[in-house]
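Read-outs: derived from the displayed coordinates by stated rules, not from any lab. Just so we're clear, the structure is a prediction, and the values are computed from it rather than from any experiment. All Cβ positions, glycine included, derive from the backbone under ideal geometry; neighbour counts span all protein chains shown.
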Amino acid sequence: MGGFFGVASKEDCVFDLFFGTDYHSHLGTRRAGMVVYGKEKGYERAIHNIENAPFRTKFDKEVNDMHGHLGIGCISDYEPQPLLVRSHHGTYAITTVGKINNRDQLVEKIFANGTSHFMEMSSGEINATELVAALINQQENLVDGIRYAQEQIDGSMTLLVMTPKGIFAARDRLGRTPVSVGRKENAYCVSFESFAYLNLGYAAERELGPGEIAVVTPEGVTTLVQPGKDMKICTFLWVYYGYPSSSYEGISVEKMRYNCGAKLAERDDVQPDIVAGVPDSGTAHAIGYANRSGIPFSRPFIKYTPTWPRSFMPTIQTQRNLIAKMKLIPVHDLIENKSLLLIDDSIVRGTQLRETTEFLYQSGAKEVHIRPACPPLLYGCKYLNFSRSSSEMELITRRVIKEMEADEKKIDLKNYVDPDSAQYNEMVNRIGKQLNFTSLRYQRLDDMMESIGIDKSKLCTYCWDGRE
């Protein structure tokens, strides 16, 4: 997905920018960058590859060399950014989080308006952030340009644009991703994750609303475009992507996961010896389950992270599966002859969870009951790059459904959304057998949404029910 952090300060901002950006390392694995602006040197930028080393080790030199009172930084899963752009708006830095589904159409439209070229990345694709900048440059001023870009994009787009006057922060039109504002004496910051500024001395100020555009300066945060009434924030932020100490729309990630695990326990009828979570995001769900059920929480395997934080995960899926397996170290005394109930945040392809289950059996487990903390994923996300799946057919649900349905028959996925339908139950049974689980029961969509506790109309649930 990716994350960002921006600082506007009356003093040098690089220390805050460095650590605020680093606190987003759980959101991206490929590129990271920082841009600062100061009156003496103007713009300074640094971008590094973080596939084989964490953010801090790559940018520790920049902390001493870069100076400025304005700065933006990002962790990216895909394109190098932030970018420095020179246009009729002047020179500005830009970083984005989102997904563009109509990239080819927008490129052709921009070519037709006179833009001569885009830089091509090593993947052969156009940098999405460069495309957003090109859209912004179609208008006479930055604010109109940002609004125009967001209106033209099919998908979602949240962004930071930094000029010598301040940082323009723009939340996606339907607020699919968050923008949190922090303040301290002589400085304001904007952040994807609300916890990222707390240890830097900032207090929470507020969150930008859907579609809101604000300019951040050392003196304050001024709204330039009022927020809209409609919101569709990504529910998966609470289930998986969000860091435990974060909150979105005032709802704690950790507390939501406790609620979610409790809901799973309320509907369950198995009696395992212990409840465990797949580290790290499954742990809080498992604590919630254990607290509600009274079944002891335990850690039958430990995630080895001293040299394998998430930033070390390779981008090739087969290598990711291998590294994920190598990270988990069994505690045999907590596994042997035990019936285990294991909670993971979700099942996407099923490969890693199947291998985890096999290694638990090999370590002496009698039973392995699996309880995903969210419903079956049936649709590839149209709005955020939360999955590396290149095709919806990589989802285990879609592969199983294809097996169930005759090839010539049109598949109606809505039959597989309802947890009380025969098709849903057959799909779940088949998945459980394929992955060699003792039993499998998914979280219900209504229970998951109730665990968050905000108006259901404000939550995006597209990947589970296909509702836009």
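Sorting check: for 178-186, 397-405, 6-14, which peptide has the highest mean count of neighbouring beta carbons within 10 Å, and how do the rest follow?
The densest-packed peptide leads the list: 6-14, 178-186, 397-405.
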Report, in debye and to the nearest 20, how large the dipole of the chain comes out about its Cα centre when Lys and Arg carry +1 and Asp and Glu carry -1 on their Cβ.
320 debye
Separation in nanometres of the label points that stand 7 Å from Cα toward Cβ, at Met119 and Lys414:
4.7 nm
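Which peptide among 49-61, 451-463 comes first, and what is the full order, when sorted by highest mean count of other Cβ atoms within 10 Å? Kindly include the intermediate steps, with their values, before the conclusion.
Working: 49-61: 15.2, 451-463: 18.1.
Per-residue Cβ counts within 10 Å, averaged per peptide and sorted highest first, yield 451-463, 49-61.
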With -39,500 (n - 2.57) per DSSP H segment of 4 or more residues and division by the full residue count of the chain, the 222 nm estimate, nearest 500 deg cm²/dmol, is -8500 deg cm²/dmol
Mind checking the dipole of segment 214-277: about its Cα centre, +1 per Lys or Arg Cβ, -1 per Asp or Glu Cβ, Debye to the nearest 20?
180 debye
Quick one: angle between helix 142-152 and the longest Cα principal axis of the chain, in degrees between 0 and 90, rounded to 10, please.
40 degrees
Starting from 0.36 nm per residue, how many nanometres of slack lie between Asp104 and Arg56 once their C-alpha separation is accounted for?
13.7 nm
Check the straight Cα-Cα distances from Lys99 and name the aspartates and glutamates below 17 Å, setting aside those fewer than 8 residues away within the same chain.
Asp77, Glu79, Glu125, Glu130, Glu151, Asp154, Asp172, Glu392, Glu468
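So what is the relative contact order of the chain, in percent, for Cα pairs below 8 Å that sit 6 or more residues apart? Walk me through the numbers before you get to the answer.
Working: 1021 pairs, mean separation 59.9, N = 468.
The normalised contact order for the chain reaches 13 percent.
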Return the percentage of antiparallel bridges among DSSP beta bridges fully within segment 248-465, rounded to the nearest 5 %.
25 percent
Which angle from 0 to 90°, rounded to the nearest 10, does the C-alpha axis of helix 253-266 make with the longest principal axis of the chain?
20 degrees
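Rank by packing, highest mean first: peptides 36-48, 231-243, with packing defined as the count of other Cβ atoms within 10 Å averaged across residues. Mind dumping the intermediate values first?
Values: 36-48: 16.4, 231-243: 24.0.
Answer by packing, highest mean first, reads 231-243, 36-48.
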Quick one: helix 317-327 against the long Cα principal axis of the chain, what's the angle to the nearest 10°, folded into 0 to 90?
70 degrees
Here segment 26-35 yields Karplus 3J(HN,Hα) values (6.51, -1.76, 1.60; θ = phi - 60°; whole Hz; Gly and Pro given as x) of 6, 9, x, 10, 10, 10, 9, x, 9, 10
Beyond a 24 Å Cα-Cα separation, which of these cross-linked pairs lie in this structure: Lys232/Lys255; Lys10/Lys41; Lys165/Lys232?
Lys165/Lys232
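Compute the length gained on full extension between Tyr361 and Lys41: take 0.36 nm times their separation in residues and subtract their Cα-Cα distance, giving the result in nm to one decimal.
Separation in residues times 0.36 nm, less the Cα-Cα distance, equals 109.2 nm.
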